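The values are calculated or read from the model by the stated rules, or taken from the named source; none is laboratory data. Note that the structure is a prediction, hence the values are computed from the model and not measured. For neighbour counting, all protein chains shown are included, and Cβ atoms are generated from backbone atoms with ideal geometry for every residue, glycine included. With ligands, DNA and RNA removed, areas are computed over all heavy atoms of the protein, side chains included. Shrake-Rupley method; radii C 1.70, N 1.55, O 1.52, S 1.80 Å.
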Amino acid sequence: MQTLKQLLSLIRFSHTIFALPFALMSASIAWYREGEFRWWDLAGILCCMVFARSAAMAFNRLVDRKIDADNPRTATRHLPAGTLQVGTVWLFFLLCAALFVLSTFIFSQRTSPNWWPFRLSGIVLVFICAYSVTKRFTYLAHFWLGVSLMLAPIAAWIAIRGLTDLLPPTLIGLAVCFWVAGFDMIYACQDAEFDRKAKLNSIPARFGVATSLRLAAASHLVMLVVLTCAWWVMPELKFIFLSGVIIIALLLIVEHRLVKPNDLTKVNQAFFQVNSIISAGLLAIVLIQLALPY
């Protein structure tokens, strides 16, 4: 139990709240269009999300363990500190990867079997794990992470409806992509100097903290534009959703006011607290919108 507790801490299990609400948002709209909610689908989406993210995070900690050991901010993480062994984390990674692929079989057990989640599972797993090495060769790693989380709403939609009408999940996914890229730039500002010395690529390391914060704000502006486009083209989304987008805009303003080029002490507050409210709040808004006619 102690090892399990350490592993859940290693992968920041609580951070699942960033991607999961967007997957459930996409799934909710898919069920609404199908005219049928299926508990089996929900179980499959939850299993796939948890195992895929856990595998990707474990892989990240494994490939970055030497970098983490050299960075004062991350030197106390489990592998550099020795609270977990490399072999244990490798086994955990392989187990989660296998369980992710197995979870996709849930969608093939319906009356009308859907094999697309299984067919695409390997590609998805490789892509989201590959994020962990992107800082070695591109400063656009933040957007690779954004696309990795973008796959969550798209994959949830495909799990329910197959490859039918992919515009709604793509718009939701694009919103996730630019939202994640934006707050990842903010988070990476903490390591700008270390990344330069370690010859790692990131937007803060290449362009500086002040420019990175402006680019993060621009990325979040694109997110709001995409959400507005989703409201415009999706008949299910009406006044309640649009009101929610306005609230999200206000929360993003708060997030950017918390972090300044000469004061990064509130990065964690902006990163976790505000963004968790945004993701969970947007899911709640969509559920309310689908339940009400206006």
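Can you bin the range 40-145 into rounded, prolate or oblate? Criterion: square roots of the alpha carbon gyration tensor eigenvalues sorted a ≥ b ≥ c, rounded for a/c under 1.5, prolate for a/b above b/c, oblate for the rest.
Values: a/c = 3.21, a/b = 1.90, b/c = 1.69.
Verdict is prolate for the range 40-145.
In terms of its alpha-carbon gyration tensor, the range 76-213 comes out oblate; a/c meets the 1.5 threshold, while b/c is at least as large as a/b.
Checking every one of the trypsin sites (Lys or Arg not before Pro) in the range 149-214 against DSSP loop status and a limit of 16 other Cβ atoms within 10 Å picks out LYS199. Here the range 45-88 is described by how far its Cα atoms reach on the three principal axes: 37, 20, 14 Å, from widest to narrowest.
Per residue, the accessible area of the chain comes to 47 Å², computed with a 1.4 Å probe over protein heavy atoms only. With Cα atoms as the point set, the range 2-100 shows a radius of gyration and Dmax of 16.4, 53 Å. Candidate cross-link partners of LYS260 among the lysines, defined by an alpha-carbon separation under 29 Å and a same-chain spacing of 8 or more, comprise LYS135, LYS197, LYS199.
Just so you know, the averaged projected area of the alpha carbon convex hull for the range 180-242 sits at 4.9 nm². The separation of the range 251-281 from the range 163-209, counted between C-alpha centres, amounts to 15 Å. Restriction of the chymotrypsin sites (Phe, Trp or Tyr not before Pro) in the range 135-222 to DSSP coil positions whose beta-carbon has at most 15 other beta-carbons within 10 angstrom yields PHE137. Anisotropy class assigned to the range 61-112 is prolate, per the alpha carbon gyration tensor with a/c at or over the 1.5 cut-off and a/b larger than b/c.
The trypsin sites (Lys or Arg not before Pro) of the range 7-89 meeting both criteria, a DSSP state outside H, G, I, E and B (loop) and at most 11 other C-beta atoms within 10 angstrom of the site's C-beta, are ARG73. Roughly what would the spin-label model give for LEU94 and TRP40, points 7 Å off Cα along C-beta, in nm? Once both label points are built, they end up 3.2 nm from each other. At a 1.4 Å probe, what is the % contribution of carbon and sulfur to the accessible area of the chain? On the chain, the fraction of accessible area on carbon and sulfur atoms equals 69 percent.
Please compute the net charge surrounding ALA23, taking Lys and Arg as +1 and Asp and Glu as -1 over other residues with Cβ under 12 Å from its Cβ.
After counting each charged neighbour, the total is 0.
Pick out the long, greasy-scoring helices in the chain: whole DSSP H runs spanning 20 Å or more along their own axis by Cα, mean Kyte-Doolittle at least -0.5. TM-like helix candidates: 20-34, 39-63, 86-103, 116-130, 141-161, 167-188, 209-233, 239-258, 275-291. Binning all Cα-Cα separations of the range 177-294 at 10 Å, short to long from zero, yields these whole-percent fractions: 14, 41, 26, 14, 5, 0. Debye sum, Cα scatterers, the chain, no solvent: what log₁₀ I/I(0) at q = 0.16 1/Å? Results for the chain at q = 0.16 Å⁻¹ read -1.34.
Counting Lys and Arg as +1 and Asp and Glu as -1 over every other residue whose Cβ lies under 13 Å from the Cβ of ALA69, the net charge comes to +2. Dividing the mean sequence gap of close Cα pairs (under 8 Å, 6+ apart) by how many residues the chain holds gives a relative contact order of 20 percent.
Summing Lys and Arg as +1 and Asp and Glu as -1 over all other residues whose Cβ lies under 12 Å from the Cβ of SER9 gives a net charge of +4. Whole angstrom only: what separates the Cα centroid of the range 11-60 from the Cα centroid of the range 140-161? Using only Cα atoms to place each centre, the spacing works out to 11 Å.
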